[in-house]
Amino acid sequence: MQIFFVCTGNICRSPMAERLTRAFLDDALGATAAVVGTASAGTHAVVDRGMEPSSALVLAGLGGDPSGFAARQLTAEMVTASDLTLTMTRRHRRAVLRLAPRAMFRTYTLREAAALLGGVDQAGLPPVDVLDTRARELVSALGRQRASRRGSDQEDDDVVDPIGQRPEVHQKVGEQVFRALVPLLQALCGTTDEDAVMTRSLNFA
């Protein structure tokens, strides 16, 4: 199972999501987490650049590790190799699907996927001990919910771009990413444990 995140420069939003996902999975699943790969790229990436410092600081505060990150340019091959692509905005989603149209039913904005999760019968998913199968069925279940969304629901699907903004904006973006990610990752891992590494690190207002 490969989870792939996409933003613009691949130095703020998508690396935050990628590294938060890695931290959550490793904390919740231990060695089993190796079954799930994580990666990210940008539609206009600042190739080989590390994370933007304010976003890196927010990530570290949430329990993720920004070290060793290097931005990558989005390619069709990356999308094709992924089982679930989560973009930061609807514009990014369109860019992904222009490169790989057949990925439609496994490509969502992050906040769209979180919203669709509310209609998924998680009790009906395969058990966690077949994690790869559970992950693929979860993606399929999200796809089956997509037709239920109204156009007005999509207005909140984007995560704003914090580049060039004050540290407080990066903090808000990190919290937004966190809030959308955690329910999805809990569904994947079959847990509602709020003592995961990230949730110990930050108290939301």
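Since every read-out is calculated from the coordinates, none of them should be taken as a lab result. Because the structure is predicted, anything quoted here is derived from the model rather than measured. Please note: Cβ atoms are built from the backbone with ideal geometry, for glycine as well, and neighbour counts cover all protein chains shown.
Hull volume per residue, based on the alpha-carbon atoms of segment 86-148 and their convex hull, is 85 Å³.
By count of other Cβ within 10 Å, fewest leading, how are ARG91, ARG136, ARG111 ordered? Please report the intermediate quantities before stating the final value.
Working: ARG91 13, ARG136 17, ARG111 23.
With the fewest neighbours first, ARG91, ARG136, ARG111 line up as ARG91, ARG136, ARG111.
What is the sum of charges, Lys and Arg at +1 and Asp and Glu at -1, for the other residues whose Cβ falls under 13 Å from the Cβ of LEU99? Intermediate values should be presented prior to the final figure.
Details: positive: ARG93, ARG94, ARG98, ARG102; negative: GLU77.
Charge balance near LEU99 sits at +3.
This model, with +1 at the C-beta of Lys and Arg and -1 at the C-beta of Asp and Glu, gives the chain a dipole about its Cα centre of some 760 debye. The relative contact order of segment 1-56, computed from alpha carbon pairs under 8 Å that lie at least 6 residues apart in sequence, is 55 percent. By other beta-carbon atoms within 10 Å, ranking SER40, SER55, SER148 with the fewest at the front produces SER148, SER55, SER40. Evaluate the distance, in nm, between pseudo-label points positioned 7 Å from the Cα of ARG146 and of ALA81 along their respective Cα→Cβ axes. Here the modelled spin labels are 2.3 nm apart.
Here the residues MET78, MET51, MET88, ranked from fewest to most Cβ neighbours within 10 Å of their Cβ, fall in the order MET78, MET51, MET88. What is the local net charge at GLN171, summed over the other residues whose Cβ is closer than 15 Å to its Cβ (Lys, Arg +1; Asp, Glu -1)? Here the charged neighbours net out to 0.
Projecting the Cα positions of PRO53, LEU125, MET78 onto the charge dipole of the chain (unit charges on Cβ atoms of Lys, Arg, Asp and Glu, taken about the Cα centre) puts MET78 furthest along the positive direction. Each of ALA187, GLY174, VAL159 was scored by the projection of its Cα onto the charge dipole of the chain, and the greatest displacement toward the positive side belongs to VAL159; charges sit on the C-beta of Lys, Arg, Asp and Glu.
The radius of gyration of the Cα set in the chain, together with its Dmax, comes out at 15.7, 44 angstrom.
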